[in-house]
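Take a look at the structure set out below.
The values are calculated or read from the model by the stated rules, or taken from the named source; none is laboratory data. What you see is a predicted model; the values in this text were computed from it and never measured. So basically every Cβ, Gly included, is an ideal-geometry build from the backbone, and we count neighbours across all protein chains shown. Surface areas here come from the heavy atoms of the whole protein model, side chains and all, with no ligands, DNA or RNA. Shrake-Rupley method; radii C 1.70, N 1.55, O 1.52, S 1.80 Å.
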Amino acid sequence: MDQFTINLLFVGGSFALYIGIAIWARAGSTSEFYAAGRGVHPVTNGMATAADWMSAASFISMAGLIAFTGYDNSSFLMGWTGGYVLLALLLAPYLRKFGKFTVSEFIGDRFYSQTARIVAVVCLIVASVTYVIGQMTGVGVAFGRFLEVDNTTGLLIGAAVVFAYAVFGGMKGVTYTQVAQYVVLITAYTIPAIFISLQLTGNPIPGLGLFGDDVAAGVPLLTKLDQVVTELGFNSYTSHHADTLNMVLFTLSLMIGTAGLPHVIMRFFTVPKVADARWSAGWALVFIALLYITAPAVGAMARLNITEMMWPNGGIAGGAVAVEQIENDPQYDWMDTWQKTGLLNWEDKNGDGKIQYYNDKNASMQAMAEEKGWAGNELTKFNRDILVLANPEIANLPSWVIGLVAAGGLAAALSTAAGLLLAISSAVSHDLIKGAFNPSISEKGELLSARIAMAVAIVVATYLGLNPPGFAAQTVALAFGLAAASIFPALMMGIFTKVNSRGAVAGMIAGISVTLIYIFLHKGWLFIPGTNSFTDADPLLGTIKSTSFGAIGAMVNFAVAYFVSKSSEPIPAEIEQLVESVRVPRGAGAAQDH
C-alpha cells in the first residue's frame, strides 16, 4: 500500500470520527451551543481544553521554531504554560462563578455597560480572527503535504471540514470532538518522537533522550548539535543570543495572552461547579505537559537529523549532499515530496552538483565560501511549519507513523480552529445580536445567527490564511498580544479592582489600538504584504518586536483604565457587591479574633 493511500486512511478515518461525534452531540439549544449544557466532567473538559489549546502552533509550528533557533524560542513553552497557571489561579473559577455564557457578557455585566460589552466583542473578534489565521495556515500545510495538493487547495479542504462539524455541533459537539482529537494528536506527536529518540540516544523517553548521549558520536546530544550547527556558521543551539528585554516581554505577552483568550476561557463555562473549573485547568496542564515536555526534544533531534542529511559525509570536510543523491536515494524522497508543496526548495547555485547548506550571512562563512567556490546557502527554503510533519520521513520511520502524524497535525489545527470560531460566533450572536441589537430574538433565531456568524468567520479566516503574516506560531503570537492588551486587563480589573465602566472601555480601546497599530506597522496594514513601515528585524521601539508588544499594550490598558476611572464616578454599590460575591466564597464570614 502506497503512502498516499495510508494517509487517506488515517486522515479520512479521523474525520469520519469527528463528524460522527458532532452529529451525535449536536447542539439543540443555546445552552448546549455556548456551554455544552454546563455538564462536562472536569477530566473530559481538561482533555478538550488541551486539544483546544494545542493548536497548529503547538503541534506543527512550535518545534520547528525551536529547532531553527534553539534556546531563545523556549519562550513559547514558558509563556504558554505559565499562562495556564495564571488562568487556573486568577480567572477560571471566578468567571465560572459569575455564571455567564461568554467573556463579553461578563465584561458587559461587571462594568454595567453595553458599550463595554460591544468593545469586548470587537477585541475578541480581532484577537480570535488573527489566531484562526495561524490555524488555517497549519491546515493548509498539513493538507497540502498529505493529500499531495498545493497549499491553497489544502486550506480550502480544511475550511470545509471545520464547517462540517463546528457549525452544527456547537460547544457540545466541539467538546467531545476535541477529546477524540486530543487522543489522536498526542499519540501522533509522541510515537515518532519515541522512535527518533531511540534511534539517536537509545532512550525511549524523548525528554530524557534530549539530555542523553548521541549513540553514534558518544557525546551528549546537545553538545553534538552545538558542534554541528556552529561549524556551519549558525548560532549555538543551547546559548542565549536574542535580546533579553524582547524575550521577557514576549514571554509575558504569551502568558497574559493565554489567560485572556476567549476560546480557552469559554471552556471553563462548561463544567457544573466552580471547583470543577480549577480541576479542569489542572487536568488541562497535565495533558498539555505531555506534548510540551516532548517538543524541545523533537526540535533538537530534527535539527540534527536535517543537518546531517545535508552533510552526510561528516560535515564540511566530508562534503555536502549531492543533487544526484537527493534525486535517487529513497532516504531523500521526503525532500521531493515537500518541494511540491512549495514549502521546501533547493538550488545548485554554483553548479558543482552539490547542495551546500550553511549560514551565508555569517562573515567567517562567507570567507570560507569564497575559498571553496560556494555561491551562497543552497537550501533556499525550509518553511519552519513543515518540520514536525516531515520529521517521520526525515528519520525514515514506517509509513503508518507518517499517516498517524498527518491525522495528528490536522486534529491539532482543526480542534483549535473550531474553538476559536465558536468564540467568534458566540460573541456575534449572543453579545451583539441578542445583547445589543435584538434582545427579543428567539432561541431558534439566536442559534441560526450563531451558525451564520461562524460560517462567515470561516470564510474570512480562510481568505486571510492564504497570505499569513508569518509562520503559524508567529501569527498565533500576534493574537496572544492582542488578547493580552485588551481582554486580560479587563478581566483582571473586573474581578480584583473597583475600576468603573468608563475606565474599562477606555483601557480596552487604548490597549488594543496601540498594539494593533504596532503590529500593522511591522506586518502590514490588515496584514497586506508590502504595506509595513518596519520589520521585526528592525523594529520601531528599540528591540521590541511586534510579537512582544502585547505586554506593553496591557500596561497601557491598565494605566488608562486606572486614571480614567479615578477621574470619574465610582462604581455603583450593587456592582461592588457583585464583585465581592464573585471573589469571596459563599458562606465565608468575617475574620475572627482567637
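Numbers at a glance
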| item | result |
| --- | --- |
| Rounded accessible area per residue of the chain, 1.4 Å, Å² | 37 Å² |
| Gyration tensor verdict on segment 480-594 (Cα atoms; rounded if a/c is under 1.5, prolate if a/b is larger than b/c, oblate otherwise) | prolate |
| Length-normalised contact order of segment 201-345 in % [C-alpha pairs under 8 Å, at least 6 apart] | 19 percent |
| Cα centroid separation, segment 286-317 to segment 182-258 (Å) | 6 Å |
| Of Lys340/Lys545; Lys273/Lys566; Lys523/Lys566; Lys97/Lys434, pairs whose Cα-Cα distance is over 26 Å | Lys340/Lys545; Lys273/Lys566; Lys523/Lys566 |
| Set of lysines near Lys224 by C-alpha distance (under 26 Å), chain-local residues within fewer than 8 positions excluded | Lys354, Lys361, Lys372, Lys381 |
| Simple label model, 7 Å out from Cα along Cβ direction - Lys340 to Trp24, nm | 3.5 nm |
| Segment 296-367: relative contact order as a whole-number percent, Cα under 8 Å and 6+ apart | 26 percent |
| Segment 234-247 - phi-based ³J(HN,Hα) in whole Hz, Karplus 6.51/-1.76/1.60, Gly and Pro as x | 8, 5, 4, 6, 9, 9, 8, 10, 6, 5, 5, 4, 4, 5 |
| Efficiency of FRET from Cβ geometry, Asn396 and Asp538, R₀ 51 Å, rounded to 0.05 | 0.80 |
| Over the chain: helical MRE at 222 nm, DSSP H runs n ≥ 4 each giving -39500 (n - 2.57), nearest 500 | -21500 deg cm²/dmol |
| Contact order relative to length of the chain, as percent, for alpha carbon pairs under 8 angstrom and 6 or more apart | 27 percent |
| Semi-axis lengths, Å, segment 357-477, gyration tensor of Cα atoms, sqrt of 5 times eigenvalues | 47, 20, 9 |
| Cα gyration tensor, segment 202-297 - rounded (a/c under 1.5), prolate or oblate | oblate |
| Rounded Å value of the spacing that divides the Cα centres of segment 407-434 and segment 360-404 | 35 Å |
| Long-range Cα-Cα pairs in segment 168-230 (distance over 12 Å), rounded percent | 71 percent |
| Rounded to whole Hz, the Karplus (6.51, -1.76, 1.60) HN-Hα couplings of segment 414-428, x for glycine and proline | 6, 5, 6, 4, 5, x, 5, 5, 5, 4, 5, 5, 5, 5, 5 |
| Average projection area in nm² (convex hull over Cα atoms of the chain, one quarter of hull surface) | 29.0 nm² |
| Three-way shape label, segment 394-547, alpha-carbon gyration tensor, a/c 1.5 | oblate |
| Distant alpha-carbon pairs in segment 247-388 (separation over 22 angstrom), percent | 58 percent |
| Segment 391-409 residues near the modelled Val183 label - backbone nitrogen below 15 Å, point 7 Å along Cα→Cβ | 408 |
| Apportionment of accessible area to carbon and sulfur, the chain, percent (1.4 Å) | 62 percent |
| Efficiency of FRET from Cβ geometry, Phe211 and Tyr112, R₀ 51 Å, rounded to 0.05 | 0.40 |
| Potential lengthening between Val248 and Leu448 on full extension [0.36 nm per residue; Cα-Cα distance subtracted] | 67.6 nm |
| Convex hull of Cα atoms in segment 278-356, direction-averaged projection (nm²) | 7.5 nm² |
